[in-house]
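K.L.:
Provided herewith is a single structure, encoded as structure tokens, for subsequent inquiry.
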Amino acid sequence: MIKAIRFEKTGGSDVLAYQDYDLPPPAAGQVRIRHTAIGVNFIDIYHRTGLYPLPLPSGLGYEAAGVVEAVGESVAGFEPGERVGYCSGAIGAYAEAANVPTAMLVKLPPAIPDDIAAAVLLKGITAQYLLRRTYPVRPSETIVFHAAAGGVGQIACQWAKHLGATVIGTTTSPEKIELARANGCAHVLNTREAGWEKQVREITGGKGVPVVYDSIGKDTFLAGLDCLQTRGMMVAYGNASGPVEPFSPAILSAKGSLFLTRPSLAHYTRTHEEVQEAADDLFAVIQSGAVKIAINQRYALKDVAEAQDALAGKKTTGATILIP
């Protein structure tokens with residue numbers, strides 16, 4: 001028996017229950033991980049509210065780090081006592097322990113503490129696939145990255161600067177402008193101010209940018225298209241302000257034969273090899289000092305509702321973790 005966060009219906013944070021849960025032994029191809037730290041992410045809120053539906057009742061959470069406690073049948077390459085982490089493939093990280101498919105596990109190097117791994121794996125691997133695979137950022141390019149002071153944003157903006165890009169970051173809070181600048185942004189715009197997309201054009205001498213990374217959704221999507229140069233790419237990877245409303249694909253042609261992609265972490269971490277390669281790239285840039293990880297909020301597992309409310313209310317900066 002373990003303590004876990006469970007919910008039986010979608011809704012506000014009050015649907016989350018901290019309760020006893022009978023975790024079965026790991027099945028074939030799984031390991032049981034005793035969690036030491038757990039990541040909190042916007043996708044968890046999307047699951048809780050039903051924006052991304054789950055079969056109910058359900059656990060919650062995608063990301064955690066800890067120690068292998070037991071292995072199921074047909075498991076090779078992982079032994080009890082090893083430090084591991086994961087960020088996809090198994091719902092139920094908001095718990096003292098979880099059974100996770102080995103395909104989704106990454107081995108943690110000694111230089112990466114458990115709390116950093118739990119704080120960074122989902123957000124960091126997201127930054128990795130966005131910057132290195134969805135649209136590979138090149139030196140001397142200028143890019144737009146929304147929510148620059150958020151969890152993914154802080155990592156991605158530092159990383160993009162390390163890759164040689166000039167980063168135009170955005171925020172909705174004047175208080176977060178300096179934080180965005182400290183994390184790699186050469187320019188910071190407030191998307192609640194009318195005409196922010198025109199400022200992007202001014203910064204780029206009228207040319208626009210080759211890529212916009214947008215996790216905000218409804219509030220920024222259309223204006224973001226106006227930031228793009230001819231054949232630029234809109235990378236819409238989140239819905240913090242709500243989903244983008246339906247539109248005609250003809251708008252992409254009218255604004256310069258633009259590309260639009262809606263990537264998902266799951267499609268960039270299909271195998272153990274893919275997720276380990278992405279994690280190793282992330283760990284390397286952290287160990288180099290080019291990307292620094294700020295865990296600015298820590299909550300006990302039982303206080304998960306408070307943690308989610310703070311994240312949804314845009315009252316957090318950097319990473320938030322839960323401690324079992």
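The values are calculated or read from the model by the stated rules, or taken from the named source; none is laboratory data. These figures come from a predicted structure and were not determined experimentally. Counting neighbours? That spans all protein chains shown, and the Cβs are built from the backbone with ideal geometry, glycine included.
K.L.:
Considering only residues that are surrounded by 14 or more Cβ atoms within 10 Å (Cβ to Cβ), modelled with pLDDT of 95 or more and assigned to a loop (DSSP other than H, G, I, E, B), which ones fall in segment 245-291?
P.N.:
If the condition is that a residue be surrounded by 14 or more Cβ atoms within 10 Å (Cβ to Cβ), modelled with pLDDT of 95 or more and assigned to a loop (DSSP other than H, G, I, E, B), then 255, 256, 258, 263, 290, 291 are the ones that fit.
K.L.:
Same structure, new question: Here's a check for you: in segment 82-125, which residue that is more than 17 Å from the chain's Cα centre (by Cα), of a type outside the set (Gly, Ala, Ser) and within 20 Å of residue 27 (Cβ to Cβ) is surrounded by the most Cβ atoms within 10 Å (Cβ to Cβ)?
P.N.:
The residue in question is 100.
K.L.:
Consider residue 238 carefully, then state whether it is out of contact with any strand residue (DSSP E or B) (no Cβ under 8 Å at 6 or more places or on another chain), touching a residue at least 24 places away in the same chain (Cβ under 8 Å) and not polar (S, T, N, Q). Reasoning before the result, please.
P.N.:
On the way: out of contact with any strand residue (DSSP E or B) (no Cβ under 8 Å at 6 or more places or on another chain): no; touching a residue at least 24 places away in the same chain (Cβ under 8 Å): yes; not polar (S, T, N, Q): yes.
It is false that residue 238 is out of contact with any strand residue (DSSP E or B) (no Cβ under 8 Å at 6 or more places or on another chain), touching a residue at least 24 places away in the same chain (Cβ under 8 Å) and not polar (S, T, N, Q).
K.L.:
Given (1) modelled with pLDDT of 95 or more; (2) surrounded by fewer than 21 Cβ atoms within 10 Å (Cβ to Cβ), identify the lone condition not met by residue 211.
P.N.:
With (1) modelled with pLDDT of 95 or more; (2) surrounded by fewer than 21 Cβ atoms within 10 Å (Cβ to Cβ) applied to residue 211, the lone miss is (2).
K.L.:
So in segment 1-53, with the set limited to residues that are aliphatic (A, V, I, L, M) and assigned to a helix (DSSP H, G or I), which one is surrounded by the most Cβ atoms within 10 Å (Cβ to Cβ)?
P.N.:
From segment 1-53, those aliphatic (A, V, I, L, M) are 1-2, 4-5, 15-17, 23, 27-28, 31, 33, 37-38, 40, 43, 45, 51; that's our starting set.
Restricting the remaining residues to those that are assigned to a helix (DSSP H, G or I) gives 15, 43, 45.
On the way: 15: 16, 43: 22, 45: 19.
The residue in question is 43.
K.L.:
Output the residues belonging to segment 304-313 that are without any contact (Cβ under 8 Å) to a residue 60 or more places away in the chain and surrounded by 15 or more Cβ atoms within 10 Å (Cβ to Cβ).
P.N.:
310, the sole residue that qualifies.
K.L.:
Only one of 230, 166, 172 is surrounded by fewer than 17 Cβ atoms within 10 Å (Cβ to Cβ) and not assigned by TED's automatic domain parsing to the domain that holds residue 292; which?
P.N.:
Result: 230 is the single residue among 230, 166, 172 that is surrounded by fewer than 17 Cβ atoms within 10 Å (Cβ to Cβ) and not assigned by TED's automatic domain parsing to the domain that holds residue 292.
K.L.:
Starting from segment 89-111, take each residue that is charged (D, E, K, R) and list its partners that are part of a loop (DSSP other than H, G, I, E, B), counting only C-beta distances under 7 angstrom and pairs at least six apart or across chains.
P.N.:
96/324; 107/82
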